[in-house]
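> Before anything else, here's the structure in question.
The values are calculated or read from the model by the stated rules, or taken from the named source; none is laboratory data. What you see is a predicted model, and the numbers here were worked out from it, not measured in a lab. Cβ sites come from the backbone with ideal geometry, for glycine too, and all protein chains shown count toward neighbours. For the accessible areas, the whole protein counts, side chains as well, though only heavy atoms, and no ligand, DNA or RNA atoms are used. Shrake-Rupley method; radii C 1.70, N 1.55, O 1.52, S 1.80 Å.
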Amino acid sequence: MGQIDDAIERADREAFTREPPKTLPTRINYLLKQLGSAKAVAAELGVTADSVNRYRRGARKNPPKDITAKIDAAVRSRWQPLVRKRRRKQAAAMGGITVETRARFGYTAPIGTTDDGRFRRLTVHLPATYAQRLFDARDAGADDQEMRRIIAEGFKDIYFQDGGSRATGISDVAINDIDYLDLDF
């Protein structure tokens with residue numbers, strides 16, 4: 001997963017209205033309910049079906065750290081899908097998306113101006129069209145670079161050019177060397 005995928009996942013988790021199950025047996029039972037069988041859960045986690053049943057019964061209480069992380073990720077990815085879907089739909093339809101980042105921004109500018117990339121800390125609210133493009137790209141399996149280009153285009157339009165009222169000669173904004181990136185929608 002790339003930085004943008006991680007940021008979208010964090011924003012999704014913030015939308016939870018209820019916390020996911022905490023204990024190992026309840027998490028395994030939730031996955032069993034979602035996936036239908038111990039064999040399917042085992043395939044998802046990379047363990048045997050017997051191990052899944054041991055976790056469910058409480059006969060095995062402390063799985064290895066990598067398996068614990070896989071269980072957590074599997075539960076969180078399936079937890080409250082309707083809540084996440086509703087928030088994304090609202091962001092893509094009318095709310096937009098807020099991007100907070102510290103990264104190196106570079107751009108192509110007219111001769112006589114500086115286009116050297118430099119680190120900036122920006123918090124910019126992008127309109128719903130950019131949120132829709134970002135979600136569509138992610139759903140289509142776009143890589144991190146493609147999603148960065150969408151966000152960079154939004155920054156160019158909203159931040160650098162202020163909707164077309166300034167810096168109209170700037171083109172091709174690029175985001176590089178991201179220290180952190182956080183999304184809110």
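> Give, as ranges by residue number, the residues of the stretch 23-48 whose backbone N falls under 16 Å from the point 7 Å along Cα→Cβ of Asn62.
24-25
> Students often forget the sequence filter, so: which aspartates and glutamates lie under 18 Å Cα-Cα from Lys61 once same-chain residues fewer than 8 apart are removed?
Hits, sequence-local ones excluded: Asp50, Asp72.
> At a 1.4 Å probe radius, which order do Phe105, Phe119 fall into by accessible area, largest first?
Largest accessible area first, the residues go Phe119, Phe105.
> Now for a different question. Leaving out ligands and nucleic acids, note down the accessible area per residue over the chain with a 1.4 angstrom probe, in whole Å².
56
> Moving to a separate point now. Filter the chymotrypsin sites (Phe, Trp or Tyr not before Pro) in the stretch 5-89 to those in DSSP coil with at most 14 other Cβ atoms within 10 Å of their Cβ, and list the result.
Answer by residue number: Phe16.
> Asp136 versus Glu14, label points 7 Å from Cα toward the beta carbon: distance in nm?
Calculated label separation equals 2.5 nm.
> Distances over 29 Å make up what percent of all Cα-Cα pairs in the chain?
Taking all Cα-Cα pairs of the chain, the fraction more than 29 Å apart is 38 percent.
> Return one number: the angle in degrees, 0 to 90 and rounded to the nearest 10, between the long axis of the Cα atoms of helix 81-90 and the longest principal axis of the Cα atoms of the chain.
So the inclination is approximately 10 degrees.
> Give me, ordered by chain and number, the residues 5 or more places off Leu126 or on other chains with an amide H under 5 Å from its own placed amide H.
Ile97, Thr98, Val99
> Mind listing the phi-derived Karplus ³J(HN,Hα) values for the stretch 63-68, rounded to whole Hz, using 6.51, -1.76 and 1.60 with θ = phi - 60°, and x for any glycine or proline?
Per residue, the Karplus-derived 3J(HN,Hα) values read x, x, 4, 5, 6, 4 Hz.
> Let me ask something additional. Show Thr26, Thr101 ordered by accessible area, largest first, where the area counts protein heavy atoms only and the probe is 1.4 Å.
Thr26, Thr101
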